[in-house]
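A quick write-up on the structure given underneath.
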Amino acid sequence: MKFLHEYRQREAVEKIAAEIHRVVTRPWTIMEVCGGQTHAIVKFGLQQLLPPQIELVHGPGCPVCVTSLEIIDQAIAIASRPDVIFCSFGDMLRVPGSNGDLLTVKAAGGDIRTVYSPLQALKVAEDNPHKEVVFFAIGFETTAPAHAMAVVLATKKRLRNFSLLVSHFLVPPAIEAICSAPGSRVQGFLAAGHVCAIMGYEQYRPLAREYRVPIVVTGFEPLDILEGVLLCVRQLEQGICLVLNQYARAVDRNGNLNAQEILELVFDIDDQAWRGVGSIAASGLRLRAEFARFDAGRRFGMAHSSGPDRSGCISGRIMQGLQKPCDCPHFGGRCRPEQPLGAPMVSSEGACAAYYRYRNRSTADAH
Amino acid sequence: MHTECPIPVSADETVRLGHGSGGELSQRLLREYIYPHFDNAWTVQAHDSATLPRIGGRTVFTTDSFVVSPLFFPGGNIGELAVYGTVNDLAMSGARPLYLSCSLILEEGLPMKTLAAVMASMGRAAAATGVQLVTGDTKVVEKGKGDGLFINTAGIGSLEHVLSIAPDRIQPGDSILLSGDIGRHGMAVMARREGLEFDGPLLSDCAPLHEPVLALLEAGINVHCLRDLTRGGLATALVELAEGSRRQFSLRENDIAITEPVLGACEMLGLDPLYVANEGRFVAFVPPHQAQQALAILQKCPVSADSRAIGTVSASEAAEVILRNSIGCERLLDRLPGEQLPRIC
């Protein structure tokens, strides 16, 4: 991890911050798309280094936050079955469904296991041939190739007791939805570096052109994010709307072709429901027909039946850049990390959890 | 006298319910696996309770339970942890640890060789620390009702000083000393449990802390407060102390040592090393004019050789912990909403 230190050096960071102060002449609203970037911004207190004219708003790039209530309810129903071992990333266990969360199911005796990769879930399936093993496959373009790989391997190994509850999201359609939404405040984007490492960034060029927004592919370290902001602000000040790549050490224009190939092999593009936002056309992935037997929703006959989200959570408005976590009347009161009303208070990549956890003077005073 | 037993002890023997029955199997368990490691006057008594000699001065009493999974992790095991954990709780009052109890809850099916290894390790840890195991208990639960082995230890220590070492003695201006690099225990357990491998060795810091603490006291350092960093890590310990003392602490992130393997593992798993558990680290609050002397004393003890001053107590009465990070920005540290990692100690 030695390579991280150079992106956290005070002198380098201060130099970029000073350059941002120098070029900015008026207010700009910039959205960092990825929850990992939100986390870093709040954790490192980067807003403290920026001129007051620059407002960072936090995008929808946290898979835990955008997974729909319906999918959470399906996960809870499947995980409650005595014949199932349910494997999930840890954060998902605390996301509230219509009625409880996965931790409640675990406490009631459900066999729910925290995993760090779909391949661990695959191993659980191999080790437990008499159980149905379900992997909660959530994420963006970044995690999807590994999930596709698990499907391919399960096919090769002829595993009949392995399936995925898929909740996969694509970033470019979400950016388009934010740009085209009435009242959108976002004037420039920091695109998610990891997503672009897989997908490249050609898809962003038409968006930048059509909606007149600069888009900067950006990494996750303090220096990356400040450079991303600088590249974005320079364009905004000059009236330019290009796609630029700040994160060249990990991203090239075409992305990872092997990963894209396996994605295409296993998944189809489909409409997708985003929690708090609603359905966005062609913004999700579902298993292709030839892999439908790995679809846990289908295997367990899940109905599409969740009602509206009545929690009072304003996650949708936060993830579209319309409001900040501190604007929510429940933030830090009824909604806290140990008792979340909505998903953004759960995940470390959720804007609300990041604000809550990494309070600095300004955000602490706000509630 | 050795009672004849019709069943020979085999290397692959496992714990059975009968080992907790109080009958012959229980006796054998004690005799063969437990007593040999606590060879002292009290276990020879083989009595329901230990009668201890009068302890001079004030007496300190504490208890802790250990449920770590896995039982063996890089750098330690549950047996050592059960000795050091309670010794460290005593040490944080500035006490000299003297006696421990040891209660075992064994799960049916636990391999005897696992038990033997854990007990041998407890014996070695007790001997190295200078505490004596004087009383104990063994229960066996059915298969599936435990996780191999749980241990409870209680400890008694004596105070040989007149200081009150407590959060309410933390004063503005106090120097905050940290006894070494952080996050190793939590990440070592995690790496073993999840089968993760990282660059470089990732060993638990599991160790007894009474030696550096007693060295500070013997040198006449006016120690205001001590706290060992266990679950919740450095951040949680300091937040609790800030609240307990109604004081504001200012920390410098650059002075908090974290090894590369711990940093790497935390980055990969999305964990914050400030919140990762330790089992051989503590913070000491000392008056500023004694900070350098205290630091030099700590650095002379192997277990706290990498001690550093990491911050100071401010005059403000806001009960909060402020971290100035490597890029010069500030953030408030807060409690974690839940455990970062379950069952690490």
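Bear in mind that the values in this text are calculations on the coordinates, not laboratory data. Source: prediction; values computed, not measured. All Cβ positions, even for glycine, are placed from backbone atoms using ideal geometry, and neighbour counts span all protein chains on display.
Inside 10 Å of the C-beta atoms of A:40-47, what's the mean count of C-beta atoms belonging to other chains? The partial results should precede the final answer.
Details: counts 0, 0, 1, 4, 6, 9, 2, 1.
Shielding by partners across A:40-47 averages 3.
Along the Cα-to-C-beta direction of residue A:5, a point sits 7 Å from the Cα; which residues of region B:247-262 have their amide N less than 20 Å from that point? It comes to B:252-262, nothing else. Taking 7 Å steps out from each Cα toward its Cβ at residue A:29 and residue A:264 produces label points 3.7 nm apart. Of the residues A:274, A:28, the one with the fewest other Cβ atoms within 10 Å heads the list, and the complete ranking is A:28, A:274.
Within chain A, the longest run free of GluC sites (Glu not before Pro) that sit in a DSSP loop with at most 13 other Cβ atoms within 10 Å is A:1-201.
The simple Förster model, with R0 at 41 Å and r as the Cβ-Cβ distance, assigns residue A:99 and residue B:254 a FRET efficiency of 0.30. The separation of region B:258-326 from region B:148-209, counted between C-alpha centres, amounts to 11 Å. Summary value for chain A: 23 percent relative contact order, contacts being C-alpha pairs under 8 angstrom separated by 6+ residues. In straight-distance terms, cross-link reach from residue A:131 covers every one of the lysines whose alpha-carbon lies under 17 Å from its own, apart from those fewer than eight places away in the same chain; here that gives A:106, A:123, A:157. Taking chain A as a whole, the Cys residues whose C-beta sits 4.7 Å or farther from every other Cys C-beta are A:34, A:87, A:179, A:196, A:232, A:241, A:313, A:326, A:328, A:335, A:352. Exposure proxy ranking for B:306, A:91, based on other Cβ atoms within 10 angstrom of each Cβ and starting from the fewest, stands as B:306, A:91.
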